[in-house]
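Some notes on the structure that comes next.
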Protein chains: 2
Amino acid sequence: MNRKQLVEHIFTKKTFLCVGLDTDLNKVPAFILKNEDPIFTFNKRIIDATAPYCIAYKPNLAFYECYGLKGMHAFEKTIQYLKSNYPNHFIIADAKRGDIGNTSRMYAQTFFGEYDIDSVTVAPYMGEDSVKPFLEYDNKWVVLLALTSNKGSKDFQFLEDKKGTRLFEHVLTKSQEWGTPDNLMYVVGATQGRLFENIRRFVPDNFLLVPGVGAQGGSLQEVCKYGITKDCGLIVNSSRGIIYADNGESFAEEAAKKAKELQEEMEKELARL
Amino acid sequence: MNRKQLVEHIFTKKTFLCVGLDTDLNKVPAFILKNEDPIFTFNKRIIDATAPYCIAYKPNLAFYECYGLKGMHAFEKTIQYLKSNYPNHFIIADAKRGDIGNTSRMYAQTFFGEYDIDSVTVAPYMGEDSVKPFLEYDNKWVVLLALTSNKGSKDFQFLEDKKGTRLFEHVLTKSQEWGTPDNLMYVVGATQGRLFENIRRFVPDNFLLVPGVGAQGGSLQEVCKYGITKDCGLIVNSSRGIIYADNGESFAEEAAKKAKELQEEMEKELARL
C-alpha cells in the first residue's frame with residue numbers, strides 16, 4: 001500500500017485505528033480453546049467485528065512464535081484472511097527485527113516476499129545496513145523504533161550527546177537519509193505525551209505508529225494535539241484494550257464497541273484538520 | 001547449560017568455536033536441494049562434520065523464517081537433532097529479539113520454554129523490561145547486542161554522551177544491573193579489533209559472542225589478544241566461512257577442515273592462558 005492510498009483510507013473511514021492482534025491463549029474466552037485453531041478462530045472473530053472501525057491490523061510475532069509451528073500457521077492464516085477479505089486494511093508485522101545487511105535481507109524477504117505484508121517494525125540499534133534492505137521493496141514500509149512506550153525506553157533512548165541531542169533524535173535524523181515519508185514510519189509510544197511536539201520538528205511528514213493507548217495508559221487527545229498532521233500522519237494502535245474487552249461469548253461485539261469508541265474520538269480529531 | 005559446564009567444555013575440547021547455521025538454499029550444494037527437507041539435510045551433514053571442532057551452534061532465525069512454515073520446521077528439527085545427538089553443545093538462537101515486557105516474556109517462552117535453547121541474542125534499544133524476561137530462566141542466557149560487526153554499528157553504537165561515554169558502553173554498564181556473568185553475554189563483533197581491550201574494562205568476566213571472523217574480515221588473533229580471559233570468556237562464531245567452504249559433494253568435509261583450522265588456532269590461544 002502506498003502513502004496516498006493509506007491517507008485516503010484514513011479520511012474515507014474517518015479512523016486511524018490499528019487493532020493489535022496480540023493473541024494470547026491465556027486471555028481468550030475459554031470456549032474458543034475448543035476450536036482446532038483457537039488463535040485463528042479468535043482473530044477471525046475480532047477482525048470481522050472491528051474491521052469497520054480501523055484501517056490497520058498489527059499482529060505481534062511474539063504471540064505466534066511462542067506456540068511454535070501451530071502459532072506460525074495461525075499467523076499465516078490470519079494474514080491470508082485479512083488479504084482475502086479486507087484487502088484495504090494496512091498490515092503491520094510487529095516483529096522488531098534487524099540484523100547485519102545480508103541477514104536483514106532475509107527478514108525483509110520473509111515479511112514482504114513470503115507473506116506480502118505492508119510493513120514491519122525494525123529496531124535501529126545496528127544502523128544503516130540493518131534497515132536498508134527493508135526499504136528496497138516498492139509500496140512496503142519500515143516502521144522504525146524511535147521512542148517506545150515502555151518503561152525501559154528511559155534506559156538508552158534518552159541518552160544525550162555533547163550538544164544535548166538524544167539517541168531517539170539521532171535515530172529520527174539519521175534514518176531520514178535512508179528512507180522517505182513514503183516508506184518510513186516511526187514507532188512513538190503514546191505514553192511519551194508532549195514529546196510528540198518535539199518529534200514532529202524532526203519528522204514533520206512521516207507517519208507515526210503509536211502504541212500504548214489503552215492498557216499502557218497513553219492519551220489519544222494528547223497524541224493528536226502534538227502529533228497529528230494535515231495528512232493525519234498517525235496510526236494509533238490498541239491491542240489488549242480492544243481484543244480482551246470481554247471474556248465471554250460476546251467478546252467480539254465488546255471488542256467492536258471499544259474499537260468504535262476510539263473510532264468516534266478519531267473522527268472528531270480528523271474533523272478538526 | 002551453566003557457566004561452569006560451558007567453561008569445562010571449552011577447555012576439554014580445546015576450542016571456543018561456534019558454527020553459524022545460516023542455511024541459505026541459494027548457497028547450498030545443488031544436489032542437497034533434491035532432498036525433501038534440504039535445510040535440515042544440509043544442517044545435519046554440517047553438524048556431524050564440525051561437531052568435534054566446536055562447542056556451540058548458532059542458527060540465525062532469519063534464514064529459517066524466510067522459508068515460512070517449512071523453514072521453521074527445519075529449525076525445530078535442527079534443534080532436536082542437536083539436543084538428541086550433541087547435548088553438550090551450546091545452542092544460540094540468533095534472533096535479535098526485544099519488545100515491551102509482556103511481549104519479551106512471550107519471546108523468552110518461545111526460545112527457552114518451547115524450544116529449550118540455551119541462549120538467545122537480544123537487542124538493547126528498548127531497555128530493561130525488554131531484556132529482563134529473558135534473564136528469569138535458570139541456566140539460560142541472554143546474549144545482548146553491544147558492539148556489532150557490521151558497518152551500521154557506526155551509526156548509533158558509538159554516539160558519545162557529555163562525558164565521552166559511548167552508547168555501547170552505556171549498554172554494557174546498565175545491563176550489568178540486570179544480569180550477571182552467569183546469565184548475560186554480549187555480542188562484540190570481531191571487526192571491532194582493539195576495542196575489545198576497552199570492552200573488557202566494562203565487562204571483565206562476561207562471555208563475549210564474537211561474530212565477524214572469516215567472511216566479515218575479523219582477526220581471531222586480535223580478538224584473543226584483547227578479549228580472552230582466564231576462563232576463555234569468548235565464543236567465536238564463523239558462519240559463511242565454514243558452512244559454504246565448498247559447494248560440491250564434499251561440502252561437509254571441507255566445512256570440517258575449516259572448523260578444524262580454527263579449532264587449532266584456538267587451541268594455541270587457550271594453551272597460553
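Once you average over the residues of A:112-121, how many Cβ atoms of partner chains fall within 10 Å of each Cβ?
1
From the label point of A:Ser250, set 7 Å along Cα to the beta carbon, how far off in nm is each other copy's matching point, shortest first?
Distances between equivalent label points, in nm: 7.5.
Kindly provide the helix-only [θ] at 222 nm of chain B, computed as the sum of -39,500 (n - 2.57) over DSSP H runs of four or more divided by all residues, to the nearest 500 deg cm²/dmol?
Values: 12 runs with 112 residues, N = 273.
Computed ellipticity for chain B at 222 nm equals -11500 deg cm²/dmol.
If only Cα atoms are counted, what is the Rg of the protein assembly as shown, and what is its Dmax, in Å?
23.2, 74
What is the distance, in nm, between label points placed 7 Å from the Cα along the Cα-to-Cβ direction at A:Asp116 and at A:Asp48?
Result for the modelled spin labels: 2.3 nm.
May I ask you to compute the full-extension gain from A:Lys257 to A:Tyr86, defined as 0.36 nm times their residue separation minus their alpha-carbon distance, rounded to one decimal in nm?
Working: separation 171, 0.36 × 171 = 61.56 nm, distance 1.94 nm.
Once the chain is fully extended between A:Lys257 and A:Tyr86, it gains 59.6 nm.
Pull out the extension gain between B:Arg272 and B:Thr173, defined as 0.36 nm times the separation in residues minus the alpha carbon to alpha carbon distance; nm, one decimal.
Values: separation 99, 0.36 × 99 = 35.64 nm, distance 2.92 nm.
That pair, B:Arg272 and B:Thr173, stretches by 32.7 nm at full extension.
Can you put A:Ile117, B:Ile242 in order, fewest other beta carbons within 10 Å first?
Details: A:Ile117 22, B:Ile242 29.
Arranged by neighbour count, lowest to highest, A:Ile117, B:Ile242 become A:Ile117, B:Ile242.
Could you work out, residue by residue across B:167-178, how many beta carbons of other chains sit within 10 Å of that residue's beta carbon, and then give the average as an integer?
The shielding value for this peptide is 2.
Using the Cα centre of region B:1-89 as origin and beta-carbon charges of +1 (Lys, Arg) and -1 (Asp, Glu), tell me which of B:Asn26, B:Gly68, B:Thr12 is placed farthest towards the positive end of the dipole.
Value: B:Thr12.
Got the relative contact order for region B:3-271 handy, in percent, Cα pairs under 8 Å and 6 or more residues apart?
So the answer I get is 22 percent.
So if we plug the beta-carbon distance of A:Ser219 and B:Thr180 into 1/(1 + (r/R0)^6) with R0 = 45 Å, what FRET efficiency do we get, rounded to 0.05?
Details: r = 39 Å, r/R0 = 0.86.
Calculated value: 0.70.
Throughout, read-outs are computed from the coordinates displayed, never taken from laboratory work. Keep in mind it's a predicted model, so treat the numbers as computed, not measured. Positions of Cβ are backbone-derived with ideal geometry, glycine not excepted, and every protein chain shown enters the neighbour counts.
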